[in-house]
Amino acid sequence: MKNVKSNLKPTIGLEVHCELRTNSKLFCGCPADHFGKAPNTQTCPVCLGLPGELPVTNKKAVDWTVLLGLALGSKINKEAKFDRKHYFYPDLPMGFQISQYDEPFCLGGEIETSEGKVNLTRVHLEIDTGKLQHTTLNREDVSLIDFNRSGVALMEIVTEPEIHTGTQAKEFAKNLQQIIRYLGISDCDMEKGSMRLEANISWGLDLGYKVEVKNLNSFRFLEKAINYELNRQKKALDSGEKLLQETRGWSETKQKTFSQRTKETAEDYRYFPDPDLPPFAFEDDYIEDLRTSLPELPSHKKDRFVREFSLPQNYAQYLTQDKALSEFYEDTFKLSVKKNISPKVVANLIVNKGLTGKTPLEIVDTVRKMTIRNFSSSEEMDNALNKVLNEQGKAVDEYKSGKLQVIGFLIGMVQKKLGGKGEIQKIKEKLMNALR
Ligand SMILES: [Zn+2]
């Protein structure tokens, strides 16, 4: 450990799981939407792992995984396959998970963050597991299993270990969620568990350990768990302690991570190609068709909003946060142009007043009414102006003797009398006329 410390650098990789919102599960016809459904009502012999049943791949799930790869700039593997990943756990009825090992659908790719680009290792497709529920039944502690989730199509997005702060990890995950939502392939709802985060955290790959923090179900928890872990590990390393390869969880009540299990050696999942599922060979046309179906992605749309509508960065950021809102703004913009209302005024209303419950037409009408009603009449302006000219004799004299910047002060005084409802340009014109 000596002399290494100065080279230590936070080294963080993420694994993100997202459930696809296909109608049916990945290899059977059971409904994929399992949230809040009565336990074990959406199962069949395939997703229950009963012997003798054959899986049939859901084409949409494959298309969507490739689509995400294209959106992230991944290389699409023309030859890909499903593999069996073996482990024993009650929520995995087959005794293996159908996943992808050495030939996933997508390799590489990247996501931009304000602290730099984060490279991706891969994007692959696998099945989700069932859900365990630990509860009390007839005064006995029991573990119940709900297989409604078993077999649902689950994408896994893996980054290279090149994230360096909790904030960057949070930004990465948010950007990924935004891209996936733009594609409309998953609702990425962390509360429902359709987006799940895991972080691998250490102070360098060469230190020979890695701490995996699992089940982080909010962006905030991800950031907090990473910061906590980096601190904990740093203290241990500084005091010469040897850190273990382990899996930890995050406790929000205690604001710290806790050990779940340590692993001495890498688990042997005995991967092998699933003999029931023929490998894939994608044609160029298939990939190109998917590429042309890609929608405009959020970062591109944000830049375009800044350019096309002369919006400030933060407005463009806000308006493109989700696809529906960005389309709503564009629809409103098209209408407002016809009525001579500036795109900035419309943006301002949507950003600051949250007028999204209305239709674009209602918004445009609201803007028109506000602009007409809000301003003082010409008569009110004249009255206010005359009062100010009487009261501010000194400023008037200064202006007349050539101190032209006094006009700003006078405009302010008139505006004050009008309760802020005067049109600045008109007050200025009137003042200059009166002082000529
Ligand atoms: Zn099924």
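Coordinate-derived values only; no laboratory data. Please read these numbers as outputs of a predicted model, since none were measured by experiment. Cβ sites come from the backbone with ideal geometry, for glycine too, and all protein chains shown count toward neighbours.
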Taking the chain as a Gaussian network, where each spring joins two C-alpha atoms under 10 Å apart, which residue of L410, L107, L92 fluctuates the most? L410
Take Y286, Y318 and order them by how many other Cβ atoms sit within 10 Å, fewest up front. Y286, Y318
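Whole-Å semi-axes of region 239-322's equivalent ellipsoid, largest first, each the root of 5 times a Cα gyration tensor eigenvalue?
They are 42, 32, 11 Å, listed largest first.
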Could you list L125, L290 in order of exposure, starting from the residue whose Cβ has the fewest other Cβ atoms within 10 Å? L290, L125
May I ask for the distance between the Cα centers of region 103-122 and region 383-427, given as a whole number of Å? 59 Å
When the Cα centres of region 1-77 and region 235-304 are compared, how far apart do they sit, in Å? 10 Å
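What ratio of Cα Rg to 2.2 N^0.38 Å holds for region 207-263?
Cα Rg divided by the expected 2.2 N^0.38 Å: 1.10.
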Only Cα pairs under 8 Å and at least 6 apart count here; give the relative contact order of region 48-206 as a rounded whole percent. 18 percent
Anchor K85: lysines whose Cα lies under 26 Å away (excluding residues fewer than 8 positions away in-chain): K25, K59, K60, K75, K131, K192, K210, K214, K263
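Roughly how many debye, to the nearest 20, is the charge dipole of region 347-419 about its Cα centre, given +1 on each Lys and Arg Cβ, -1 on each Asp and Glu Cβ, and no other charges?
200 debye
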Candidates per trypsin sites (Lys or Arg not before Pro) in region 253-360, loop by DSSP, up to 16 other Cβ within 10 Å: K254, K263, R270, K339, K358
Relative contact order for region 359-436: what percent, with Cα pairs under 8 Å and sequence separation of 6 or more? 35 percent
Hey, if you put +1 on the Cβ of every Lys and Arg and -1 on every Asp and Glu Cβ in region 362-419, which of Q392, G419, V367 ends up farthest toward the positive end of that dipole? Q392
Give the residue from H300, A281, V118 lying farthest towards the positive end of the charge dipole for the chain; charges sit on Cβ (+1 for Lys and Arg, -1 for Asp and Glu) and the dipole is referred to the Cα centre. H300
Between I180, I424, I287, find the one with the highest GNM mean-square fluctuation for the chain; connect C-alpha pairs within less than 10 Å. I424
Computed over region 290-357, the ratio Rg/Rh where both radii use C-alpha atoms and Rh is Kirkwood: 0.98
Quickly estimate the mean residue ellipticity at 222 nm for the chain, helices only: each DSSP H run with n ≥ 4 gives -39500 (n - 2.57), and the total goes over all residues, rounded to 500. -12000 deg cm²/dmol
Percent relative contact order of region 265-380, based on C-alpha pairs within less than 8 angstrom and at least six residues apart? 18 percent
Cα-derived Rg over Rh, computed across region 21-113 with Rh taken as Kirkwood radius: 1.01
Projected area, mean over directions - the chain, Cα convex hull, nm²: 32.9 nm²
Can you put M370, M155, M94 in order of Cβ neighbours within 10 angstrom, beginning with the fewest? M370, M94, M155
Sparse-neighbourhood loop hits (GluC sites (Glu not before Pro), region 332-428; DSSP loop; Cβ within 10 Å at most 10 others) -> none
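Can you pull out the chymotrypsin sites (Phe, Trp or Tyr not before Pro) in region 36-103 whose DSSP state is coil and whose Cβ has at most 12 other Cβ atoms within 10 Å?
Answer in residue order: Y87, F88.
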Here are some pairs, K387/K430; K170/K242; K174/K334; which of them have Cα atoms lying more than 22 Å apart in this structure? K170/K242; K174/K334
For the charge dipole of the chain, defined by +1 on Lys and Arg C-beta atoms and -1 on Asp and Glu C-beta atoms about the Cα centroid, which residue among L207, L132, Y228 has the Cα displaced farthest towards the positive pole? Y228
Sort all Cα-Cα distances of region 89-206 into consecutive 10 angstrom bins from zero, then give the percent of pairs in each bin up to the one containing the longest distance. 11, 34, 32, 17, 5, 1
Report the extension gain between Q260 and I407 in nm, rounded to one decimal, defined as 0.36 nm multiplied by the number of residues separating them, less their alpha carbon distance. 45.9 nm
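What share of Cα pairs, in percent, lie more than 17 angstrom apart in region 308-436?
64 percent
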Under a 10 Å cutoff between Cα atoms, tell me which one of E126, E19, E330 has the largest fluctuation in the Gaussian network model of the chain. E330
